[in-house]
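This report refers to the structure that appears directly beneath it.
The values are calculated or read from the model by the stated rules, or taken from the named source; none is laboratory data. Fair warning: this is a prediction, and the values are worked out from it, not measured in the lab. Cβ placement follows ideal geometry from the backbone for every residue including glycine, while neighbour counts extend to all protein chains displayed. Note: accessible area is taken over every heavy atom of the protein model, side chains too, but ligands, DNA and RNA are not part of it. Shrake-Rupley method; radii C 1.70, N 1.55, O 1.52, S 1.80 Å.
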Amino acid sequence: MEERTFSRRARTQRRKPSPLSNSKQQPSPTARDRFDGLVAAAGDPSDPFFFGAQPANGSGPASRGKAAGKKGTQVDGGSKGQAAAAGSSPGKRKAAGVPEQAAAPKAGPPPAAAGKDTSGSAKRMRKSQAAEAGSSAAAPPAAPTPAPAGQQLGAAEASGGGGHGSGRAAPGSGGGAALAALRPAALRGQAAATTVVQAQALGEQQSITDDALWALDGLASGSAATARDSLATLAEICASKRGRLALRSGQLAADVLAAAGALKVSSDPVQALGLATLLLCFCQADADPSLLGRREVAEAAAQLLQLSASLDASSATTRASGSGPAAKLAAVLRERPYSLQLPPEERGSPLSVALAALADVMDPSKSTLHADPLKHALRRAGALQAAAQVAANHAGALTDASPTMHTVRSLWRLHKALHVLESACFACPENEAFLLGTSVTVGVPPMVASPGFVSWLVQQLELVSRQALIAGIKKDCLRGLLAVLLNATQNNAAGCVAVVAAGVMQPAAAVLAQIVRGGPKIRGVLAGEGELAAWHDVLSTCIALFINLAEHEPSWRHQLRDLQLPDPAAGAMGGAARVQLVPLMCALLAKVATPPGTKPGDGTSKAAPLARRASLGTGEISADCLAAREDLDVRSMAEVYAAVLLGFLIQDCPEARSQAAALLPGRSLDGVAAAVGRALDFYATMGAMTQDNMENLRCLLASLQQQQAACTAATAVAGGAGGAPAIGSDTTL
């Protein structure tokens with residue numbers, strides 16, 4: 001088994017043509033230096049015994065020193081390693097530290113034939129191959145910082161490593177140090193393999209590293225075809241979690257992303273798709289925050305977001321052969337989890353692949369990654385500005401009267417771009433401030449304008465508020481518009497001022513009214529719980545935006561209370577019917593409120609099937625039980641958000657408090673105070689709210705409790721006197 005593992009890698013390396021074999025350009029110093037000096041000094045990477053330990057008698061197969069992609073040249077004894085490392089170029093000899101006279105072979109017996117066992121013990125060597133590979137993997141470098149290749153080779157000669165028939169330096173010599181310097185840090189630090197499985201794992205890890213180094217060499221070749229092949233090879237390696245782990249362990253992941261990001265891919269759809277696929281691979285659940293936070297990664301993301309939407313490799317994928325780079329990239333994106341992140345029509349678009357990668361890796365609901373380094377790097381590299389422009393370029397689909405597949409694709413990209421901006425601004429004040437100051441370009445020459453990004457968001461929200469809301473991708477875009485505005489106003493006085501100045505109140509309230517009361521194409525939350533489950537994300541985001549405004553500035557509460565909104569449920573026959581926010585929130589609370597004296601989740605719905613009620617009562621976990629739990633969570637969230645907003649709206653207005661008490665169940669504010677108290681307890685327990693927000697909620701709760709106590713006392717006095725206070729009087733509350 002050991003022999004098959006390492007021999008397979010050797011055969012793969014032998015039959016694979018070097019990316020540099022047909023190129024006349026100077027190769028990349030990063031990848032080529034490893035092979036020019038260190039590889040040639042230690043031996044041939046394709047040799048099955050390259051990573052094995054030297055037998056005790058010093059015999060073994062003669063080394064076939066060669067640079068990557070070039071045939072080896074045999075010399076004898078001590079000059080062999082230096083000649084192979086230096087090659088025929090004087091510049092390479094000088095870089096390797098080899099004097100000119102060392103290039104000529106010394107007189108002596110002819111060297112052993114390459115690849116032939118000179119000791120007669122090949123069978124014993126093959127049997128002990130796995131153990132020897134593990135021992136070699138565990139051997140630490142000769143020094144913490146390996147000496148240059150020329151010094152290592154000189155040390156090899158001084159230690160007697162240049163004797164006849166010896167193709168490599170003895171253990172502990174300079175050749176061993178060169179070998180240790182070449183091999184990945186993870187393999188150098190691992191313990192010796194003690195089982196066949198461990199030896200096989202080490203061999204596979206080194207095989208992945210070899211393939212990555214080979215492809216890295218091709219990225220700097222200067223040949224577009226070679227770069228495409230190399231990107232496809234790297235994408236195949238990074239598509240698996242094992243491949244990404246091997247590159248990170250070998251400290252090659254950063255080199256891969258930096259080398260790929262350095263390519264200019266704006267005119268080559270296959271190269272652009274290869275770069276985007278690499279970014280998507282490294283943005284999976286096992287993403288490394290320190291890797292994604294590097295400047296080179298952010299610059300690569302910015303380059304992809306600035307690509308034209310028309311740049312697409314789908315046609316190249318269709319006509320490519322199964323072994324071509326475009327076909328390889330398409331095969332990667334068809335596999336899970338990538339196929340779940342991208343619809344089929346978007347898998348050939350580098351822009352769409354990059355949007356999907358960034359949107360998911362920064363989403364706290366999908367990833368546990370500490371994304372702050374990535375967020376800051378994206379801002380510095382210009383990726384946030386590019387994402388804002390992508391949103392502006394595709395927003396025309398929101399008002400498309402005759403939607404086509406092009407409309408659907410534009411809406412998908414708009415949604416992903418807004419999702420990137422939403423996640424980038426979440427709990428990141430620097431990015432919030434950046435978006436408040438940025439602008440986008442809209443229109444076509446000569447009718448071009450550059451509005452501020454916040455003003456542009458509000459304009460799009462106003463356009464959507466005039467339409468009949470529908471579920472689907474357009475609903476996702478609506479939530480994205482509201483979410484970016486929400487994050488821009490979270491604990492941000494400047495953001496609140498900017499969105500109010502842009503006129504956000506009226507269109508956002510019109511959207512809220514249509515979700516609650518219904519419209520031409522939706523029934524509304526008041527019509528049933530099914531609508532609440534479908535629209536709760538947009539509903540919660542819209543209410544939270546109003547909470548940010550009402551909490552920050554008392555004068556804005558007055559403006560929100562006085563808004564006169566057309567009643568969407570009245571239809572064409574409604575005429576001048578109007579609705580206001582206070583009655584709207586009271587109606588929503590009456591629909592979703594927890595009954596007095598119970599906690600959220602207590603009891604069961606009368607309409608629930610008998611099997612569901614039985615499962616909830618006995619503690620059995622079933623599909624019905626889980627569905628009921630989700631429904632209760634949605635209702636509880638809607639109740640808390642509506643109660644907090646209503647509390648702020650009526651906090652400093654006695655008339656509004658009287659109006660709300662008359663409309664709420666039980667003609668009391670007890671339910672509002674209870675919901676605000678639950679919100680305060682939850683955020684205090686989770687530590688998910690700033691001290692200022694906590695203090696504002698405590699003041700709101702105290703105000704509601706004080707008014708309710710006064711109302712209770714007034715009711716008791718009136719009852720003793722044989723009368724009841726008027727609902728509209730101040731003493732009622």
Close pairs from segment 542-554: first hydrophobic (A, V, I, L, M, F, W, C), partner surrounded by fewer than 21 Cβ atoms within 10 Å (Cβ to Cβ), Cβ under 7 Å, at least 6 apart:
Phe546/Leu560; Leu549/Val500; Leu549/Trp556; Ala550/Trp556; Ala550/Leu560
Give me the pairs: first residue in segment 661-675 and within 16 Å of Leu701 (Cα to Cα), second residue buried (at least 21 other Cβ atoms within 10 Å of the Cβ) and among the small types (Gly, Ala, Ser), beta-carbon distance under 7 Å, and six or more apart or on different chains, which are they?
Ser668/Ala661; Leu669/Ala660; Leu669/Ala661; Gly671/Ala593; Val672/Ala643; Val672/Gly647; Ala675/Ala643
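Given the structure, is Leu247 touching a residue at least 24 places away in the same chain (Cβ under 8 Å), out of contact with any Ser or Thr (no Cβ under 8 Å at 6 or more places or on another chain) and either open to solvent by 20 Å² or more (accessible area, probe 1.4 Å) or in a helix (DSSP H, G or I) (or both)? So that I can check it myself, show each step before the final result.
On the way: touching a residue at least 24 places away in the same chain (Cβ under 8 Å): yes; out of contact with any Ser or Thr (no Cβ under 8 Å at 6 or more places or on another chain): no; either open to solvent by 20 Å² or more (accessible area, probe 1.4 Å) or in a helix (DSSP H, G or I) (or both): yes.
Spelling it out, it is not the case that Leu247 is touching a residue at least 24 places away in the same chain (Cβ under 8 Å), out of contact with any Ser or Thr (no Cβ under 8 Å at 6 or more places or on another chain) and either open to solvent by 20 Å² or more (accessible area, probe 1.4 Å) or in a helix (DSSP H, G or I) (or both).
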Please state which of the following conditions Val440 fails to meet, knowing it meets all the rest: (1) surrounded by fewer than 20 Cβ atoms within 10 Å (Cβ to Cβ); (2) under 24 Å from Arg380 (Cβ atoms); (3) at pLDDT 95 or above.
(1)
Conditions (1) surrounded by 20 or more Cβ atoms within 10 Å (Cβ to Cβ); (2) within 17 Å of the chain's Cα centre (by Cα); (3) at pLDDT 95 or above; (4) of a type outside the set (S, T, N, Q); number of the one not met by Ala371:
(3)
Exactly one condition in (1) in contact (Cβ under 8 Å) with a residue 24 or more places away in the chain; (2) charged (D, E, K, R); (3) over 22 Å from Leu411 (Cβ atoms) is false for Arg523; which is it?
(1)
Selection within segment 330-368 - part of a loop (DSSP other than H, G, I, E, B), aliphatic (A, V, I, L, M) and within 19 Å of Ala483 (Cβ to Cβ):
Met362
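To keep it simple, each residue is scored yes or no on (1) part of a helix (DSSP H, G or I); (2) touching a Phe, Trp or Tyr at 6+ places or on another chain (Cβ under 9 Å); (3) not hydroxyl-bearing (Ser, Thr, Tyr).
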{"residue": "Leu374", "(1), (2), (3)": "yes, no, yes"}
{"residue": "Ala386", "(1), (2), (3)": "yes, no, yes"}
{"residue": "Ala391", "(1), (2), (3)": "yes, yes, yes"}
{"residue": "Thr407", "(1), (2), (3)": "yes, no, no"}
{"residue": "Glu430", "(1), (2), (3)": "yes, no, yes"}
Could you look through segment 647-684, keep only residues that are assigned to a helix (DSSP H, G or I) and more than 22 Å from Val592 (Cβ to Cβ), and pick out the one that is most open to solvent (accessible area, probe 1.4 Å)?
Glu655
Those residues of segment 396-433 which are touching a Leu at 6+ places or on another chain (Cβ under 8 Å) and open to solvent by 60 Å² or more (accessible area, probe 1.4 Å) amount to Thr399
Filter segment 686-733 down to the residues that are closer than 17 Å to Ala660 by Cβ and open to solvent by 80 Å² or more (accessible area, probe 1.4 Å), then identify the one that is modelled with the lowest pLDDT.
Thr731
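Got a sec? Which of Ser290, Ser221, Ser267, Ser207 is part of a loop (DSSP other than H, G, I, E, B) and surrounded by fewer than 23 Cβ atoms within 10 Å (Cβ to Cβ)? Lay out the reasoning, then the answer.
Numbers: Ser290 fails: part of a loop (DSSP other than H, G, I, E, B); Ser221 fails: surrounded by fewer than 23 Cβ atoms within 10 Å (Cβ to Cβ); Ser207 fails: part of a loop (DSSP other than H, G, I, E, B).
Being part of a loop (DSSP other than H, G, I, E, B) and surrounded by fewer than 23 Cβ atoms within 10 Å (Cβ to Cβ) holds for just one of Ser290, Ser221, Ser267, Ser207, which is Ser267.
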Filter pass, Arg380 being modelled with pLDDT of 95 or more, surrounded by 18 or more Cβ atoms within 10 Å (Cβ to Cβ) and of a type in the set (Lys, Arg)
no
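Only one of Ser615, Ser636 is open to solvent by less than 50 Å² (accessible area, probe 1.4 Å), among the hydroxyl-bearing types (Ser, Thr, Tyr) and at pLDDT 50 or above. Can you tell me which?
On the way: Ser615 fails: at pLDDT 50 or above.
Criteria check complete, one pass: Ser636.
Would you point out which residue out of Ala327, Ala254, Ala232 is in a helix (DSSP H, G or I), open to solvent by less than 30 Å² (accessible area, probe 1.4 Å) and at pLDDT 95 or above? Before you say what the answer is, go through the steps one by one.
Numbers: Ala327 fails: at pLDDT 95 or above; Ala254 fails: at pLDDT 95 or above.
Going through Ala327, Ala254, Ala232 in turn, the sole match is Ala232.
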